[in-house]
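First comes the structure, then the notes that go with it.
The values are calculated or read from the model by the stated rules, or taken from the named source; none is laboratory data. Computed from a predicted model, the values in this text were never measured in an experiment. Here the Cβ positions follow ideal geometry from the backbone for every residue, glycine too, while neighbour counts run over all protein chains shown.
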Amino acid sequence: MDGAGYSHSPSHCPRTVIGSPMPVSSARPAVTMYGADWCSDCLRSKRLLDRLGVDYAYVDLVADPGQTAEVVRRNGGRRSIPVVVFPDDTHLTEPSDRALSAKVVELGLVPS
């Protein structure tokens, strides 16, 4: 657990950045990832989404700590990150690359 109270497991690792300047698209991405740049699992999940070409919004919990409530709500009271939220309102917490890849493919979020 870090100083802000977030936890992440080293063995697990979800493009608009909320709280940081980035290019703005006309439509809100269908996937939202809550994380922090000090979290290696978050960085790994971001790299995977980038590599797959998935459009996503990244919520930087360090820059926007008010978004922590959504992480806690989705995780049943835990502050584990990353949390990747999908358009069907399901989410994955600390997903493996395999689980995250399978979910975005299942939902048709990987461009062809």
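Can you pull out every residue in segment 38-57 that is assigned to a loop (DSSP other than H, G, I, E, B) and out of contact with any helix residue (DSSP H, G or I) (no Cβ under 7 Å at 6 or more places or on another chain)? Walk me through how you get there before you give the answer.
Within segment 38-57, the subset assigned to a loop (DSSP other than H, G, I, E, B) is 38-39, 53-55.
Residues satisfying the conditions are Trp38, Cys39, Gly53, Asp55.
Could you grab the pairs with beta carbons closer than 6 Å, sequence gap of 6+ or different chains, first residue in segment 56-70 and within 18 Å of Lys46 (Cβ to Cβ), second one among the small types (Gly, Ala, Ser) and loosely packed, with under 14 Cβ neighbours inside 10 Å?
Going by the 6 Å Cβ cut-off, the qualifying pairs are Asp60/Ser20; Ala63/Ser20.
Could you run through segment 14-32 and say how many residues are within 16 Å of Ala102 (Cα to Cα) and modelled with pLDDT of 95 or more?
Matching residues across segment 14-32 total 1.
For segment 74-82, check the following and say yes or no: at least one residue is in a helix (DSSP H, G or I) and at negative phi.
Checked against the condition, which is being in a helix (DSSP H, G or I) and at negative phi, segment 74-82 yields at least one hit.
With the checklist (1) part of a helix (DSSP H, G or I); (2) buried (at least 16 other Cβ atoms within 10 Å of the Cβ); (3) not small (Gly, Ala, Ser) in hand, flag the one item Val105 doesn't pass.
It is condition (2) that Val105 fails.
Scan segment 4-12 and tell me whether some residue there is at pLDDT 60 or above and not polar (S, T, N, Q).
There is at least one residue in segment 4-12 that is at pLDDT 60 or above and not polar (S, T, N, Q).
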